[in-house]
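The values are calculated or read from the model by the stated rules, or taken from the named source; none is laboratory data. Note that the coordinates shown come from a computational prediction; the quantities given were computed from them, not determined experimentally. Neighbour counts run over all protein chains shown; Cβ positions are idealised from the backbone, glycine included. Protein only, heavy atoms only, side chains kept; ligands, DNA and RNA dropped before computing areas. Shrake-Rupley method; radii C 1.70, N 1.55, O 1.52, S 1.80 Å.
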Amino acid sequence: SQQGEEDPQALSIQEGENATMNCSYKTSINNLQWYRQNSGRGLVHLILIRSNEREKHSGRLRVTLDTSKKSSSLLITASRAADTASYFCATASGGYQKVTFGTGTKLQVIP
Amino acid sequence: ETGVTQTPRHLVMGMTNKKSLKCEQHLGHNAMYWYKQSAKKPLELMFVYNFKEQTENNSVPSRFSPECPNSSHLFLHLHTLQPEDSALYLCASSQDSASGAPEDTQYFGPGTRLTVL
């Protein structure tokens, strides 16, 4: 069964608003990553947070990790139309490049 | 761009055809991956190669045959596919790491959109 599960499945907001996406997972992890995918294209790595970190920032992105609840959130502040994409969380656990992706959140930012 | 290229970008094939997908990474990584992405399903890991050796085969049907001649190139040979194999096939690469290191980050190619008629 899949490791990461994003919530909501789809999100539509106005430009300038903040977008929050959540990810829950089942087993212990070494790190959690967020990726972005524009329609029909490859995934692009956004940010990685390690299991001993609680919060991380990168530009307009803020990621939190709560290992006790096995959950993470991705916040995009001051969203832009160009942020329209699908966002996936991916968990890395065990040894060897075993990265498991969720089903993604489809974000639409309306200009 | 991410430094990972895939060709062709689109492929339409019949069930009796044989075709190959190609992936090349220019990042000096030593691990490469094939994923299948179907609508409304999680990204499915198909194969992992590390230093040209296959380290993972996720119960993929034998009609998909990977080949990794060197650390920079990865192929996926296709034969007698089924319509349900139509999907976006993504290649990725990463640097080998113990675990929990930034090298777990995967760099994806743009994908090959495959349609099986």
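Hey, among B:GLN37, B:GLN6, which residue is within 13 Å of another protein chain (Cβ to nearest Cβ), farther than 22 Å from A:GLY102 by Cα and within 13 Å of the chain's Cα centre (by Cα)?
Of B:GLN37, B:GLN6, the one residue that is within 13 Å of another protein chain (Cβ to nearest Cβ), farther than 22 Å from A:GLY102 by Cα and within 13 Å of the chain's Cα centre (by Cα) is B:GLN6.
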> When the residues of region A:9-57 are filtered to those that are in a loop (DSSP other than H, G, I, E, B) and away from chain B (no Cβ under 14 Å), which remaining residue is least open to solvent (accessible area, probe 1.4 Å)?
Replying inline: A:GLY16
> When you look at B:LYS22, is it surrounded by 13 or more Cβ atoms within 10 Å (Cβ to Cβ), among the charged types (D, E, K, R) and within 14 Å of B:SER93 (Cβ to Cβ), yes or no?
Replying inline: yes
> If you scan region B:27-76, which residues turn out to be open to solvent by 30 Å² or more (accessible area, probe 1.4 Å) and among the polar types (S, T, N, Q)?
Replying inline: B:GLN54, B:THR55, B:ASN57, B:ASN58, B:SER59, B:SER62, B:SER65, B:ASN70, B:SER71, B:SER72
> From the list B:THR80, B:THR112, which residue is of a type in the set (Ser, Thr, Tyr) and within 14 Å of chain A (Cβ to nearest Cβ)?
Replying inline: B:THR112
>> If I filter region A:83-111 down to residues being without any contact (Cβ under 8 Å) to a residue 24 or more places away in the chain and on the phi < 0 side of the Ramachandran plot, which single residue comes out as surrounded by the fewest Cβ atoms within 10 Å (Cβ to Cβ)?
In response: A:GLY95
